[in-house]
Amino acid sequence: MPAELIDGNAVSKKVREDVRARCAALAVRGVVPGLTVVLVGEDPASAVYVRNKEKGSREAGMNGATIRMPATTTEAELLAVVDQLNADDAVHGILVQMPLPKQINAQKVIRRIDPAKDVDGFHPVNVGKVLIGETDGFAPCTPAGVQVLLKEAGVDTTGKHVVIVGRSNIVGKPMASLLVQPGADATVTICHSRTPDLAWHTRRADIVVAAVGRPGTITGDMLKPGAVVMDVGINRIQDPTTKSGTRLVGDVDFASVSPVASKITPVPGGVGPMTIAMLLLNTVRAAEQRAAGQGA
Ligand code: NDP
């Protein structure tokens, strides 16, 4: 029997509806949440993400703005823009789209963002809050979205063994921080490119989270029957049978995994739509916290 699909489009719609209602409640108090995205350079994938973020924030009833800067922007120029946004009361959320051009130190830029406006959840203050289990900070949007998807799909992580494949700061590590907290109560293993015998680990997992950036990394023979599979990967591969000649796939070999797993997120339409929804949720929370006078 094929695995049940976890519908990221439906769950992200629910999150966006919640955000819209919370924006409407803030509007009554004269507060319009503002999300400003800064895009440096002309990376085409980043341009698409940024357009979607601006569109999503407007649809939710926020002030969505994008600041576009040339690829030749210096680190000092970008830091000056971040300083302006930090000081701007109409801005509740700041997102600097990654990757940045080589001349700019991304970590320095992330550290410059006011943690109370860091809706991407990458500032060390927010990373630390997630790790120590303080919930007034901002968790990174993609792993937070995976956690919401698990809940909405009725997957209780308590006492479950979750194997996360990938240890990046934006997905793998914060995913582990979230799932190991009391309340989520999972037992977590993190694997990466230096892990010998990846399949040995994944076969022991009740839940596998794949965040590798390599199509077909997880195959059906690497899973315990009935495992839940969350595919974070977004990879564009050649496919001459499609009109464009390419197609999006995850990190999981869907064809071999679906008959073995109990539930699986499809790509596209699984984890992907959750990321922007969680960004909007973080932004409305930032505005609510400011309105309540408490900052992150
Ligand atoms: P990174 O490239 O930063 O990290 C990939 C991780 O996978 C690394 O930790 C790497 O190990 C590990 N890895 C690579 N090859 C193997 C292997 N053969 N076996 C085990 N581990 C391996 O990627 P990201 O975390 O940024 O993204 C992962 C995927 O998720 C990408 O496809 C990306 O496009 C997608 N993504 C999707 C988002 C969404 O909204 N759905 C948002 C963000 C990312 P090591 O550290 O040793 O190099």
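The values are calculated or read from the model by the stated rules, or taken from the named source; none is laboratory data. If you're wondering where the values come from, they're calculated on a predicted model, not measured in any experiment. As a convention, Cβ positions derive from the backbone with ideal geometry for all residues, glycine included, and neighbour counts pool all protein chains shown.
Numerical summary
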quantity: Cβ pairs under 6 Å, 6+ apart, first in segment 108-134 and under 21 Å from Leu179 (Cα atoms), second small (Gly, Ala, Ser); calculated: Val119/Gly93; Val119/Ala286; Gly121/Ala139; Asn126/Gly137; Lys129/Gly137; Val130/Ala139; Val130/Ser177; Leu131/Ser177
quantity: Meets criteria (within 21 Å of His192 (Cα to Cα) and either modelled with pLDDT of 95 or more or not hydrophobic (A, V, I, L, M, F, W, C) (or both)) for Val260; calculated: no
quantity: Only listed residue being small (Gly, Ala, Ser) and in contact with a helix residue (DSSP H, G or I) (Cβ under 7 Å, 6 or more places away or on another chain), chosen from Ala227, Ala210, Ala291; calculated: Ala291
quantity: Within segment 191-296, strands (runs of 3 or more DSSP E) holding 2 or more residues that are without any contact (Cβ under 8 Å) to a residue 40 or more places away in the chain and farther than 30 Å from Ala27 by Cβ; calculated: 235-238, 246-249
quantity: Candidates Val208, Val229, Val252 - the one that is surrounded by 15 or more Cβ atoms within 10 Å (Cβ to Cβ) and under 27 Å from Lys129 (Cβ atoms); calculated: Val208
quantity: Any hit, segment 193-202, residues being of a type outside the set (Ser, Thr, Tyr), farther than 30 Å from Gln97 by Cβ and more than 16 Å from the ligand (Cβ to nearest atom); calculated: no
quantity: Subset tally (residues that are within 10 Å of the ligand (Cβ to nearest atom), more than 24 Å from Arg290 (Cβ to Cβ) and either crowded, with 19+ Cβ neighbours inside 10 Å or of a type in the set (Phe, Trp, Tyr) (or both)) for segment 139-169; calculated: 6
quantity: Failed condition for Asp136, given (1) surrounded by fewer than 21 Cβ atoms within 10 Å (Cβ to Cβ); (2) touching a Ser or Thr at 6+ places or on another chain (Cβ under 8 Å); (3) modelled with pLDDT of 95 or more; calculated: (2)
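Every residue, every condition in (1) within 20 Å of Glu4 (Cβ to Cβ); (2) outside the structural domain of Ile164 (by TED's automatic domain parsing); (3) more than 16 Å from the ligand (Cβ to nearest atom); (4) touching a strand residue (DSSP E or B) at 6+ places or on another chain (Cβ under 6 Å), yes or no:
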site	(1), (2), (3), (4)
Pro215	no, no, no, yes
Asp221	no, no, no, no
Lys224	yes, no, yes, no
Val228	yes, no, yes, yes
Asp231	yes, no, no, yes
Ile237	no, no, no, yes
Lys243	no, no, yes, no
Val260	yes, no, yes, no
Val267	yes, no, no, yes
